[in-house]
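Novice: One structure is given below, represented as structure tokens, and several questions about it will come after.
The values are calculated or read from the model by the stated rules, or taken from the named source; none is laboratory data. The structure presented is a predicted model; accordingly, all values stated were derived computationally and were not measured. Here the Cβ positions follow ideal geometry from the backbone for every residue, glycine too, while neighbour counts run over all protein chains shown.
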Amino acid sequence: MSATLARDGATLRINGTVNFANADACRQEGLALLGQMPADVVVDLGGLTAPGSVTVAVLLHWARSVAARQGSLRLAQVPEKCRAILRVSGLAEALPENT
């Protein structure tokens with residue numbers, strides 16, 4: 001299964017799986033969508049079927065892009081595996097959860 005992205009106002013939803021085979025395409029599609037969104041965005045991870053380090057790498061690219069235009073990126077519905085990767089890698093502050 002591949003990943004699909006859907007824009008809903010200031011929220012970008014990821015559904016499916018981000019893996020090595022589709023990470024670059026997912027990163028590029030996300031960057032294009034984020035460029036059309038408000039400066040402050042929420043990325044909803046509730047639809048991820050297999051979150052992992054590749055997902056975190058794509059999210060980090062997106063966060064850098066949003067920060068470059070003076071915005072912020074926050075995560076919603078973060079799966080526990082993804083949360084653990086963020087915590088262990090020291091990226092929890094760079095990719096904060098929406099509260």
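This table checks each residue for (1) closer than 24 Å to E93 by Cβ; (2) at pLDDT 95 or above; (3) of a type in the set (G, A, S); (4) in contact with a helix residue (DSSP H, G or I) (Cβ under 9 Å, 6 or more places away or on another chain).
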| position | (1), (2), (3), (4) |
| --- | --- |
| S2 | no, no, yes, yes |
| N15 | no, yes, no, no |
| V18 | yes, yes, no, yes |
| V41 | yes, yes, no, yes |
| A68 | yes, yes, yes, no |
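Novice: On the basis of being part of a loop (DSSP other than H, G, I, E, B) and among the aliphatic types (A, V, I, L, M), does V18 make the cut?
Specialist: The answer is yes for V18.
Novice: Look through the range 37-53, keep the residues that are part of a strand (DSSP E or B) and not aliphatic (A, V, I, L, M), and return whichever of them is farthest from R87 (Cα to Cα).
Specialist: It comes out as D40.
Novice: A further question follows. Please give the number of the condition E29 fails out of (1) under 20 Å from E97 (Cα atoms); (2) touching a Leu at 6+ places or on another chain (Cβ under 6 Å); (3) not small (G, A, S).
Specialist: Of (1) under 20 Å from E97 (Cα atoms); (2) touching a Leu at 6+ places or on another chain (Cβ under 6 Å); (3) not small (G, A, S), only one is false for E29: (1).
Novice: May I pose another question? Pick from L33, L75: which is of a type in the set (A, V, I, L, M, F, W, C) and not in a strand (DSSP E or B)?
Specialist: So the residue among L33, L75 that is of a type in the set (A, V, I, L, M, F, W, C) and not in a strand (DSSP E or B) is L33.
Novice: If I go through the range 7-34 residue by residue, how many of them are closer than 17 Å to A76 by Cβ and basic (K, R)?
Specialist: 2
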